[in-house]
Amino acid sequence: MSLRLRAADGSLAAWEPSAPPKVVLLAETKGAGPLSAARVRAAGAAVRGALTFLGFEPAVSSAKGCDLRVVVAPATPDEEDYAARGFSHEDFHYFCLKTHPSKPLLFSWEGLAAARAELGDLRASARSLAGVTLEPSSRGVTGYQHRFREALSRDFDFPEALSCVWDGLRPGALSPGSRAALLRAALPALGLD
């Protein structure tokens, strides 16, 4: 499987695990404040997890040319503001995963609260499946893992990868063993382990 990553010039390039890309994360918007740096860190954690999941050895480069551009919307609160309101770095990380890294992050307190609730539900699902010892149904989980892998390999489409995980967690979609296997693979790949 190759990684199809949109370059800074907008073109799509493909890499194989034997020739890993150099990934540079940056905030394009000047004056966006400390939350810009927080988004770059969140995207960085998710990108490193995704690259590892896809069979690449994460490589960070400080070169000016970049393979992934993180664009951060201006006028966002700083990290102290969201911490003072009871939000964690993990809440913000999950909030960032819901927007493609190359698109502006449209911040709202309501959106961050919804992300915190959704992350809580995901963590609760992971806790409830942590003790599952049933073998996953290879036929059932394979389709979800393929869709998840395709989303990550397609220019780090984290919103689609999250959608795949939630689809797999729907009642009746997968057996408990398959849901547990999907979460064991997906959470680290999204930087949520």
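The values are calculated or read from the model by the stated rules, or taken from the named source; none is laboratory data. Worth saying up front: this structure is predicted, and the values here are computed from it rather than measured. Ideal geometry is used to build each Cβ from the backbone, glycine not excepted, and the neighbour counts take in all protein chains shown. The protein model used for the area step is the full one, side chains on, heavy atoms only, and it has no ligands, DNA or RNA in it. Shrake-Rupley method; radii C 1.70, N 1.55, O 1.52, S 1.80 Å.
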Where the second residue is open to solvent by 50 Å² or more (accessible area, probe 1.4 Å) and not in a helix (DSSP H, G or I) and the first is within 21 Å of Phe92 (Cβ to Cβ) and lies in the stretch 168-193, which pairs have Cβ atoms under 7 Å and are six or more apart or on separate chains?
Leu187/Asp193
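Yes/no matrix, rows are residues, columns are (1) more than 15 Å from Pro188 (Cα to Cα); (2) among the β-branched types (Val, Ile, Thr); (3) modelled with pLDDT of 90 or more:
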| residue | (1), (2), (3) |
| --- | --- |
| Ala130 | no, no, yes |
| Leu134 | yes, no, no |
| Arg139 | yes, no, no |
| Thr142 | yes, yes, yes |
| Gln145 | no, no, yes |
| Phe148 | no, no, yes |
| Phe156 | no, no, no |
| Ser163 | yes, no, yes |
| Gly168 | yes, no, yes |
Breaking point among (1) open to solvent by 10 Å² or more (accessible area, probe 1.4 Å); (2) at negative phi; (3) not aliphatic (A, V, I, L, M), for Asp155
(2)
What number of residues within the stretch 56-73 satisfy the criterion of being modelled with pLDDT of 55 or more, open to solvent by less than 50 Å² (accessible area, probe 1.4 Å) and farther than 20 Å from His100 by Cβ?
1
Those residues of the stretch 92-101 which are surrounded by 19 or more Cβ atoms within 10 Å (Cβ to Cβ) and either modelled with pLDDT of 90 or more or under 10 Å from Arg116 (Cα atoms) (or both), in sequence order:
Phe92, His93, Tyr94, Phe95, Leu97
Identity of the residue in the stretch 168-193, of a type in the set (D, E, K, R) and in contact with a helix residue (DSSP H, G or I) (Cβ under 7 Å, 6 or more places away or on another chain), that ends up most open to solvent (accessible area, probe 1.4 Å):
Asp193
With the requirement that a residue be closer than 23 Å to Phe92 by Cα, more than 18 Å from the chain's Cα centre (by Cα) and open to solvent by 60 Å² or more (accessible area, probe 1.4 Å), what does the stretch 110-151 give you?
Glu110, Arg127
